[in-house]
Every structure is written in structure tokens, then in C-alpha cells.
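The values are calculated or read from the model by the stated rules, or taken from the named source; none is laboratory data. Just so you know, these numbers come straight off a predicted model, no measurement behind them. Glycine gets a Cβ as well: all are built from the backbone with ideal geometry, and neighbour counts include every protein chain shown.
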Amino acid sequence: MSKVVYISHDGTRHELDVSDGVSLMQAAVSNGIYDIVGDCGGSASCATCHVYVDEAFCDKLPAPTEREAGMLECAAAEVKPNSRLCCQIVMSPVLDGLVVEIPDRQW
Amino acid sequence: MKAHEKVVIIGTGQAGVEVAFGLRANGWQGEITLIGESADIPHHLPPLSKAYLAGAATAESLYLRTPEAYQAQNIHLLSGIRVDAINREAAQVQLADGQTLNYDRLVLATGGRPRTMPADCAPLAEADNFCYLRTLSDAERIRLQLVPGNRMVVIGSGYIGLEVAASAIKKGMQVTLLTIADRVLDRVTAPLVSSFYERLHRAAGVDIQVNTQIAGFEMSADKQHVRAVVCTDGRRFDTDLVVAGIGLVPNCELASAAGLQVDDGIIVNELMQTSDPAIMALGDCARFRSSIYNRWVRIESVPNALEQARKIAAILCGKACRSEAAPWFWSDQYDIGLKMVGLSDGYERIVIRGSMEQPDFSVFYLRSNRALAVDTVNRPVEFNLSKQIVTDQLLIDPALLADESVPLKEIIAAARAEPNYA
């Protein structure tokens, strides 16, 4: 169980306790964070769970797969070097304190 | 925005829950009451034929929202309570426990229930090893009977039948799939795609029998247990478990009893209103006129439930809503991810990108050089791009489409550059 901070585009901060093994998308949606969508059930197929990962944590995440990298190009908002699909970010103790920013739109 | 209007939502499936949370996200201040006949914590349905049967779904992963999220958003969740009637004149719903609830706006998200076997061949209701699959308790009954080495008969070759067959194979069962159709997924895909799925399942060990009609079931002496499935041509299949997935019947009874217009679904207009403007409907139970296909449709899918829920939330809060997007759907069988966009009825030709010898292709269903639908297997980027192609009904060049060396992005750009692409 570790802490994740999601910062919406309007500056709203949401702090969640996320269990190990749960994806950031699943945690966000199930807690009602409305600006992360994730309609494809977390299969890296819809690019609506796009987030910008805080630079301090980028190295702690496994690199995106080819599939995720391809899907990131479909994201609606600007894709930056620290862009990830958060259905592919699975919680673990090493990510405690992870901060992600949510783009202005998911479609 | 009418700050003190009360919204009552009937149905705690994907659609109803998304309306409730969508309203709050769009700034709704009034009371929101969400009523569901099921006593279960509102949960996702797609895992029930997949991860749940594999024993890989935690309770947490199934919930649509955490149990705490409802109160956190000031949504009154009433679970395990049936609505008996809608009293439109009084703008009230009558609950089975005798309570009445007033509403200013009523949203019907009543979903559907499994179509049952024809009466002359349905097993008695007490059979412990005959199951449909819609609810969590259905899924649990099935899961407990997925015993390695045991025999299972699946009736129906739609998504439920195929996904359950795949899950049972992974559990080491002997699976026979019987369908009245002449090919699997016959209502939704082209013959070539049906063949791909038949090959996939047969290679995994499923015995698929098409053009097979069920005559009835042989029961144990105490009628508690199905022993065999009997077909009209006389063939018998001994079995330990039967799962039938033969379609969904929309739950329109409350609506029709209240005098709302119903026709294989609750009829709604472009603002999601029923024939009573204070009452809206959405999801599996609602029939609407598609502006993409220019015909009335009722769509049974999670993406449709979510899209229509967001539309209702936007409309009620006076916000702009997105224009209609092409319906889409996914099905996971073994490790094959099928993602489909659009409705292919009325297609004239198909164009394939990739080869169907491998699980890596896209099939475009064209009519007059516009794609009515696209089926993709393990091609998520093409699937996403195909949503645009179908939604915007782009005029595309079939020769370019069939040429894998031309990226789909370029084909779309070329289509948009054409002066008469719309």
C-alpha cells in the first residue's frame, strides 16, 4: 500500500493509497478521479489514461512496451518525454510517493 | 443548472454508476439517488467471463468504484432494492419495500437479462449445473464448477459463449460448443473472421458444432443435475456443466408499464429522453437513432454505456457533449485481443490489412468506400485510428487500405485532405 498523488490540470490534488499490484488507472477510476478515463479495461488500447510522470519517478518505472509507446502517439493531449499510460503503471513499494499530472484532456 | 433538482437513477450497472459520478464531475449539486435491485457492490461485467473465471480477479478489481466513493461524492446508493413502478404523474418511483422516492429527473439504466432457452427445452430451474452468465453469482456458480477434466457444453457462439469456452479450456476442461448458427460470431463478423475464431478455438481443443439445435436436456433422477444435452438431430453430449450464452433481453418492463415508448429497448431521442422528457434511458436497455448509421440501434457494450452516461451527465448539467462516436467493443479469448469498432451490417466488401494466418490483422467492412466497421486483432493503434475512420465515415481508397506499407495515419490524412471526404 503506497501513496500516489494525481494532480489535475486545474491544480486539484488527489492523494490515494494504492495497493501493490493495482494500476494507477484502476485506482484513479475506482476512486472517482474523473479526468482519467481508461475505458478499454486497462489493456493499453484507448490512450485515455494518459498522465505525465513526475521527473523524479521516471527512472523507477519500467520502460514502456512497444504497444504502450505506439498507443501514446494516439493520446489527445500533448505527448511529452514523461508521458505514460497509467493503466501500465502498476503500484509497488518503490513507487511510494509517486506524483503524476493529468493532461487537460483525454480525447 | 437547477441546483436542487433530484436525480433518481434506476440500475447500478456500468451505465447507472457512470451517470451518478458523471453528474458530480460536471457540477450537479442536487440529490443523486442510485437504486439497484442487485445487492452486490456495483461491479464490472467483462471480467466475469474472463479473469473472474480464472480466479484472477480480486473483489477490489471488480468494483466500479470503491465502496467509499459513493458517500465521498454524496451519492445515495440503495443496493438490493427493487423498483416496482414508476408513477409519472406524481414523479415518483415506488420501491418494493413500500417507500416512494420523488424525482425531478429519472434515469433508467436497467440493463438486460440473459435470454433463456426456449420453454420446450429449458431444464428445470433447480438444475445446479446449468448456468447463464450475467451476474456475479452466475459467474461464481460457473467458476466453482470449472473442474479440470470435467466436461462442459457451451450453448451459443457469441462473445459470452466463446469467452467462457476459452476460460474453461484454460482450466483443463473438455469443452463442446453448440450453436444454432452456421458459424461463430455470425451476427457481428464476416465469415473470414468467424473462421479465424473457429480455428483458434479448435486448436485450443474446443469441439465446435455449428448448425446444431438443442432439443432438450437429460436430467438426473432428482432433476437437480443436467446429465446430457440432446440435439434435434438425435446427438447426445454427456456433460458435467452447461453454460448458455444466447443473447440479452433488455429490461424495459418498468418503462412500458409506465407508458413509455418501448420497442426492443426503451426509445430515446438525441437528448437521451424517453417519450417523457423528465425520464432518460441509456445503455443496454435503450434504443436510439444512430447519426452515423441513420438507423435505430440498441448497443450492448461497456463503451456505449459509458459514452451515453457521460452524455446524460453533460446534458443535465448544461454542458456541451461530444458528438456520437462509433460504437466499439472488445473480447479477449486466450491471448487474442479482439477490438471492434462500428456495426458491419450491410457491408459490401472487406479489405484485410495483415494476414489472417496470424493473430495480427485488421478487417475493414466497406460500403461505397466508407468503413462501416473494423475488426482488429492485436492491433491497438490501428483500432484507435479506425475509430476515426468509422465515426467520421471517411472516404478511403481500398487499394491503399490493403497495402500494409502505407500507414493507416497517412490514409486518414489523405482522406481528410480530399475536398469531398465527408
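One residue alone among B:D335, B:D360, B:D403 is within 13 Å of chain A (Cβ to nearest Cβ) and surrounded by fewer than 14 Cβ atoms within 10 Å (Cβ to Cβ), and that residue is B:D335. Kindly provide the set of residues from the range A:58-86 that are more than 25 Å from B:L408 (Cα to Cα) and either without any contact (Cβ under 8 Å) to a residue 24 or more places away in the chain or in contact with a helix residue (DSSP H, G or I) (Cβ under 9 Å, 6 or more places away or on another chain) (or both), ordered by number. Passing the criteria: A:D59, A:K60, A:L61, A:P62, A:A63, A:N82, A:C86. Taking the conditions exactly as written (in contact with a Pro (Cβ under 8 Å, 6 or more places away or on another chain), under 28 Å from B:V164 (Cα atoms), surrounded by 18 or more Cβ atoms within 10 Å (Cβ to Cβ) and away from chain A (no Cβ under 12 Å)), does B:L366 satisfy them or not? In short, no.
Would you check if there is a residue in the range B:348-357 being at pLDDT 95 or above and part of a loop (DSSP other than H, G, I, E, B)? The answer is yes; a qualifying residue exists. Taking each residue of the range B:350-374 that is acidic (D, E) and looking for partners that are part of a loop (DSSP other than H, G, I, E, B) with beta-carbon atoms closer than 8 Å, six or more apart or interchain, yields B:D360/B:N378; B:D360/B:R379. Take the residues of the range B:65-83 that are charged (D, E, K, R) and over 17 Å from B:V107 (Cα atoms): which is farthest from the other protein chains (Cβ to nearest Cβ)? Among residues in the range B:65-83 that are charged (D, E, K, R) and over 17 Å from B:V107 (Cα atoms), the one farthest from the other protein chains (Cβ to nearest Cβ) is B:E68.
Could you please find all residues in the range B:207-225 being assigned to a loop (DSSP other than H, G, I, E, B), over 28 Å from the mean Cα position of the chain (by Cα) and surrounded by fewer than 16 Cβ atoms within 10 Å (Cβ to Cβ)? The answer is B:S220, B:A221, B:D222, B:K223, B:Q224.
Number of residues in the range B:296-347 that are under 21 Å from B:P42 (Cα atoms), of a type in the set (D, E, K, R) and in contact (Cβ under 8 Å) with a residue 60 or more places away in the chain equals 2.
Here's the yes/no breakdown for (1) touching a Leu at 6+ places or on another chain (Cβ under 7 Å); (2) surrounded by fewer than 19 Cβ atoms within 10 Å (Cβ to Cβ); (3) of a type in the set (A, V, I, L, M, F, W, C):
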| residue | (1), (2), (3) |
| --- | --- |
| B:T66 | no, yes, no |
| B:A72 | no, yes, yes |
| B:I75 | yes, no, yes |
| B:N102 | no, yes, no |
| B:R143 | yes, yes, no |
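Restricting B:F288, B:F329 to residues that are within 14 Å of chain A (Cβ to nearest Cβ), of a type in the set (F, W, Y) and either more than 14 Å from the chain's Cα centre (by Cα) or closer than 21 Å to A:V37 by Cβ (or both) narrows the list to B:F329. If you take the residues in the range B:279-302 that are outside any loop (DSSP other than H, G, I, E, B) and aliphatic (A, V, I, L, M), which one is surrounded by the most Cβ atoms within 10 Å (Cβ to Cβ)? Per the stated criteria, the residue is B:A281.
Confirm whether B:L271 is free of Cβ contacts under 8 Å to residues at least 60 places away in the same chain and either more than 14 Å from chain A (Cβ to nearest Cβ) or out of contact with any Ser or Thr (no Cβ under 6 Å at 6 or more places or on another chain) (or both). When the stated conditions are applied, B:L271 passes them. Pairs meeting the criteria (first residue in the range B:157-172 and not assigned by TED's automatic domain parsing to the domain that holds B:Y52, second residue surrounded by fewer than 20 Cβ atoms within 10 Å (Cβ to Cβ) and in a helix (DSSP H, G or I), beta carbons under 6 Å, at least 6 apart or on different chains) are B:I169/B:A204. Condition check for B:T33 on (1) more than 30 Å from B:K171 (Cβ to Cβ); (2) touching a residue at least 60 places away in the same chain (Cβ under 8 Å); (3) in contact with a Pro (Cβ under 8 Å, 6 or more places away or on another chain): one failure, at (3).
Each residue in the range A:13-41 was checked for being charged (D, E, K, R), free of Cβ contacts under 8 Å to residues at least 40 places away in the same chain and at the interface with chain B (Cβ under 9 Å from one of its Cβ atoms), and 1 of them qualify. Using the structure shown, decide if A:A44 is facing chain B (nearest Cβ under 10 Å) and touching a residue at least 40 places away in the same chain (Cβ under 8 Å). Spelling it out, A:A44 is indeed facing chain B (nearest Cβ under 10 Å) and touching a residue at least 40 places away in the same chain (Cβ under 8 Å).
Just so you know, in the range B:369-387 the residues that are among the polar types (S, T, N, Q) and within 22 Å of A:E66 (Cα to Cα) include one that is nearest to the other protein chains (Cβ to nearest Cβ), and it is B:N384. Which count do you get for residues in the range B:187-212 that are at pLDDT 95 or above, of a type outside the set (A, V, I, L, M, F, W, C), within 24 Å of B:F329 (Cα to Cα) and in contact with a helix residue (DSSP H, G or I) (Cβ under 9 Å, 6 or more places away or on another chain)? The qualifying residues number 2. For the subset of the range B:129-155 comprising residues that are outside any strand (DSSP E or B) and hydrophobic (A, V, I, L, M, F, W, C), which member is nearest to B:K50 (Cα to Cα)? Within the range B:129-155, the match that is nearest to B:K50 (Cα to Cα) is B:A139.
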